Ligand SMILES: Cc1cc2nc3c(=O)[nH]c(=O)nc-3n(C[C@H](O)[C@H](O)[C@H](O)COP(=O)(O)OP(=O)(O)OC[C@H]3O[C@@H](n4cnc5c(N)ncnc54)[C@H](O)[C@@H]3O)c2cc1C
């Protein structure tokens, strides 16, 4: 596409002010990259980066882009892990960073926030209201609330326990690709029954609209109790998760784990003695302290029957702080000290162990690379298995990176098809395009393409994500 970049930047500057429209190469490069391990290529580079202040400015940009058929990629913080965050075509990148207004209405039992506010900052701002923000990604300090609602990911939170963030969204202000501004939902705490646009737009991954304001329920912060359990192996933790669902135990708010390798890496990094095997970290919650203590007691009794090396409630905040942050340290290790290729296997609960063992075999026997390690940690209670292929070097060619990415993706997705799952986080459409066809058949993909066309006739928003990367 022939674009007059000077004219484009001038036109965008007229809409948002020249201090908020950029077309220099260093800025473009910063927005071309995401967390995927492959190098940036020419077709990822934005034409321009623009930071609108509100829905009216977003509307002007989208109307302009649709009129000229110029792709627009919406950027929260770009932390999505499997390819959503990177523009797939040269595009205007629309950064939501300036839309950060927060208004809290305790008497109406909701708050409203702009999409660009970081989750960590929002959690702090809600603390004086004793309110729970039901979104817990490891990227909390940098990921935006808009990105999280667009992906509808709750991260550590166990879906069966507190649901998805979208369950707490009462309504939104969004801008359609044609420039129309739409207000959806309700101001009541009772969500509308039947057909209602919020439901289509939460989790739409930037394909259908740009979210410019989010109204969410103020939920009282629950009391919580933390439990740690040490097991000989990851398989024993998986047996425990399967038994938890089968036996109808109260579902924890968080149920995370570190496998035998990542537990040693994480514990050493935070100054704790390395454990013998795998570690489970569990957080129980309830509206009252007494209720929480009772729930934790019941859960601990259950854990003790599953044969751990040790299981106990942690009352010392410092000790819990170290144990909990060992998980992030394991993440830092795999992402910083080598090349890491992640997968997400989220299957039927009764097939969790089969899927884990198969995922491990897949990762250890890749055709595209040899000598890689298998590492696994994360949201096992959700129940999600992140099986990582870790190569302790960053010095690999882009071709090999892409080949490993594809092989890990295709083979682990096959487990989701085989065992009834469909992924639960990370922002998946860009990765999933082929998977959706395999799992549900061509009619499903066709339905998504037609849905997108209805909202976005010129396919300007996040072009390439529905088509799939690589
Ligand atoms: C260290 C680390 C840990 C992580 N842990 C987890 C985890 O535990 N669980 C999990 O699910 N994910 C996790 N993630 C992935 C990521 O943080 C989440 O998916 C997060 O929700 C993305 O937020 P973001 O602001 O970076 O969005 P981006 O990556 O910028 O955007 C995500 C998608 O949403 C779209 N989008 C963004 N803002 C808007 C908007 N205002 N309107 C419409 N569309 C929009 C984008 O176009 C893109 O398609 C992690 C990432 C890192 C780096």
Which one of the conditions (1) outside the structural domain of residue 415 (by TED's automatic domain parsing); (2) at pLDDT 95 or above; (3) within 24 Å of residue 384 (Cβ to Cβ); (4) not in a loop (DSSP other than H, G, I, E, B) does residue 357 fail to meet, given that it meets all the rest? (1)
Residues satisfying the stated conditions in the stretch 227-240, i.e. part of a helix (DSSP H, G or I) and surrounded by fewer than 22 Cβ atoms within 10 Å (Cβ to Cβ): 235, 236, 239
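Could you say which residue among 177, 165 is under 22 Å from residue 386 (Cβ atoms) and not assigned by TED's automatic domain parsing to the domain that holds residue 345?
On the way: 177 fails: under 22 Å from residue 386 (Cβ atoms).
None of the others qualify; the one that does is 165.
For residues that are in a helix (DSSP H, G or I) and away from the ligand (no atom under 15 Å from the Cβ), scanning just the stretch 36-55, find the one that is surrounded by the fewest Cβ atoms within 10 Å (Cβ to Cβ).
Taking the stretch 36-55 and keeping what is in a helix (DSSP H, G or I), we get 42-44, 55.
Filter once more, keeping what is away from the ligand (no atom under 15 Å from the Cβ): 42-43.
Details: 42: 7, 43: 12.
Filtering first and then ranking leaves 42.
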Note on residue 12: of the conditions (1) in a helix (DSSP H, G or I); (2) touching a strand residue (DSSP E or B) at 6+ places or on another chain (Cβ under 8 Å); (3) at pLDDT below 95, unmet is (3)
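Yes or no, residue by residue, for (1) more than 26 Å from residue 461 (Cβ to Cβ); (2) touching a residue at least 12 places away in the same chain (Cβ under 8 Å); (3) within 13 Å of the ligand (Cβ to nearest atom); (4) outside any strand (DSSP E or B):
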{"residue": "120", "(1), (2), (3), (4)": "yes, yes, yes, yes"}
{"residue": "138", "(1), (2), (3), (4)": "yes, yes, yes, yes"}
{"residue": "160", "(1), (2), (3), (4)": "yes, yes, no, yes"}
{"residue": "172", "(1), (2), (3), (4)": "no, yes, yes, no"}
{"residue": "190", "(1), (2), (3), (4)": "yes, no, no, yes"}
{"residue": "205", "(1), (2), (3), (4)": "no, yes, yes, yes"}
{"residue": "212", "(1), (2), (3), (4)": "no, yes, yes, no"}
{"residue": "225", "(1), (2), (3), (4)": "yes, yes, no, no"}
Expected output for the stretch 60-75 (first residue within 11 Å of residue 177 (Cβ to Cβ) and within 12 Å of the ligand (Cβ to nearest atom), partner at pLDDT 95 or above and in a helix (DSSP H, G or I), Cβ below 6 Å, 6+ apart or cross-chain) is 72/65
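Yes/no matrix, rows are residues, columns are (1) within 13 Å of the ligand (Cβ to nearest atom); (2) crowded, with 19+ Cβ neighbours inside 10 Å; (3) over 20 Å from the mean Cα position of the chain (by Cα); (4) in a helix (DSSP H, G or I):
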site: 409; (1), (2), (3), (4): no, yes, no, yes
site: 416; (1), (2), (3), (4): no, yes, no, yes
site: 422; (1), (2), (3), (4): no, no, no, no
site: 426; (1), (2), (3), (4): yes, yes, no, no
site: 436; (1), (2), (3), (4): no, yes, no, yes
site: 443; (1), (2), (3), (4): no, no, yes, yes
site: 450; (1), (2), (3), (4): no, no, yes, yes
site: 453; (1), (2), (3), (4): no, no, yes, yes
site: 465; (1), (2), (3), (4): yes, yes, no, no
Checked against (1) away from the ligand (no atom under 12 Å from the Cβ); (2) surrounded by 19 or more Cβ atoms within 10 Å (Cβ to Cβ), residue 167 satisfies every condition except (2)
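The values are calculated or read from the model by the stated rules, or taken from the named source; none is laboratory data. Nothing here was measured: the structure is a model prediction, and the numbers come from that model. Cβ coordinates were reconstructed from backbone atoms using ideal geometry, including for glycine residues, and neighbour counts include every protein chain displayed.
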